[in-house]
1. Within the stretch 179-193, count every residue that is open to solvent by less than 20 Å² (accessible area, probe 1.4 Å) and not aliphatic (A, V, I, L, M).
2. Hey, can you tell me all the residues within the stretch 170-192 that are β-branched (Val, Ile, Thr) and either within 23 Å of residue 44 (Cβ to Cβ) or modelled with pLDDT under 95 (or both)?
3. Can you say whether residue 176 is aromatic (Phe, Trp, Tyr), in a loop (DSSP other than H, G, I, E, B) and surrounded by fewer than 22 Cβ atoms within 10 Å (Cβ to Cβ), as far as the supplied structure shows?
4. Among the residues of the stretch 104-126, are any touching a Phe, Trp or Tyr at 6+ places or on another chain (Cβ under 6 Å), in contact (Cβ under 8 Å) with a residue 60 or more places away in the chain and either closer than 22 Å to residue 164 by Cβ or open to solvent by less than 30 Å² (accessible area, probe 1.4 Å) (or both)?
5. What are the residues in the stretch 74-86 that are assigned to a helix (DSSP H, G or I) and either of a type in the set (Gly, Ala, Ser) or closer than 16 Å to residue 132 by Cβ (or both), if any?
6. Read through the list (1) in contact (Cβ under 8 Å) with a residue 60 or more places away in the chain; (2) assigned to a helix (DSSP H, G or I); (3) surrounded by fewer than 22 Cβ atoms within 10 Å (Cβ to Cβ); (4) touching a Lys or Arg at 6+ places or on another chain (Cβ under 8 Å), then give the number of the only condition that residue 140 fails.
7. I'd like the full set of residues that are open to solvent by 30 Å² or more (accessible area, probe 1.4 Å) and either among the polar types (S, T, N, Q) or at pLDDT below 80 (or both), limited to the stretch 73-86.
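The values are calculated or read from the model by the stated rules, or taken from the named source; none is laboratory data. Computed from a prediction, not measured in an experiment: that's the story for all the values here. Methodologically, a virtual Cβ is constructed for each residue, glycine included, from the backbone with ideal geometry; neighbour enumeration extends over all protein chains shown. We work out accessible area using only protein heavy atoms, side chains counted, and drop any ligands, DNA or RNA first. Shrake-Rupley method; radii C 1.70, N 1.55, O 1.52, S 1.80 Å.
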Amino acid sequence: MAELTPQVLKRRARLGIVWLAARTGLLQLIVLGGTVMLARLLEPRDFGIYAIVQFTMTFFMYFGDAGLGAALIQKKTTPSQRELSSVFYLQLGVALVLVAIVGLGAELMRYLWSDLPAEAVWLMRVLSLGLVLTMLRVIPAILMERELLFGRLSAVDVAGSVSFYFTAVTLAWLDFGVWALVVGSLAQGLVSTALALGLRPWRP
């Protein structure tokens, strides 16, 4: 890594504005095109089921983050390896606990939304694995943001979005229904995590 001198940070900050603007425009095109294709291939019911399951997982994500990532980004001094490792293991442990809770308690979701099909239980269990993938890439993402490597962060976001829509559209075309969205979400997590670790290597 290049030494983070004021000159380097200024250059990265200027480039970051360009990268973030390009990322926003590119993501909008990807989302628009992918959504149109999925809307033509899937039933409204599939989107409804996925929205409910995704909403439930977003609720659990709040517990997995606990604001530790934001605290490391805003930290005035460079986080030590010990601090980064502590946050990594804590968040990974929380994610694994949440996956176990979801796995055991997913049946309760059908009591809250009685119209959900039986497969929604397994949809939620599979989707919960994305919590672990998110925690695996959280430290590389924090380091890239602290070091103003917005080009790399943009690449992670764009690659993840492309992975989601490519996988989801392909599976939807093969009549996988709502599972196309769930597997697409996992593909997005896998690609984003692998790319984040590749672009900003870090080991606990």
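1. Of the residues in that region, 4 qualify.
2. The answer is 170, 178, 182, 183.
3. Working: aromatic (Phe, Trp, Tyr): yes; in a loop (DSSP other than H, G, I, E, B): yes; surrounded by fewer than 22 Cβ atoms within 10 Å (Cβ to Cβ): yes.
The answer is yes for residue 176.
4. no
5. Residues of the stretch 74-86 that are assigned to a helix (DSSP H, G or I), as a first pass: 74, 81-86.
Of everything in the stretch 74-86, those that are assigned to a helix (DSSP H, G or I) and either of a type in the set (Gly, Ala, Ser) or closer than 16 Å to residue 132 by Cβ (or both) turn out to be 85, 86.
6. Among (1) in contact (Cβ under 8 Å) with a residue 60 or more places away in the chain; (2) assigned to a helix (DSSP H, G or I); (3) surrounded by fewer than 22 Cβ atoms within 10 Å (Cβ to Cβ); (4) touching a Lys or Arg at 6+ places or on another chain (Cβ under 8 Å), the lone unmet condition for residue 140 is (3).
7. 73, 74, 75, 76, 77, 78, 80, 81, 86
Okay, residues lined up against (1) closer than 19 Å to residue 125 by Cα; (2) modelled with pLDDT under 80; (3) in a helix (DSSP H, G or I):
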| site | (1), (2), (3) |
| --- | --- |
| 27 | no, no, yes |
| 35 | no, no, yes |
| 47 | yes, no, yes |
| 50 | yes, no, yes |
| 54 | yes, no, yes |
| 63 | yes, yes, yes |
| 71 | no, yes, yes |
| 88 | no, no, yes |
| 102 | yes, no, yes |
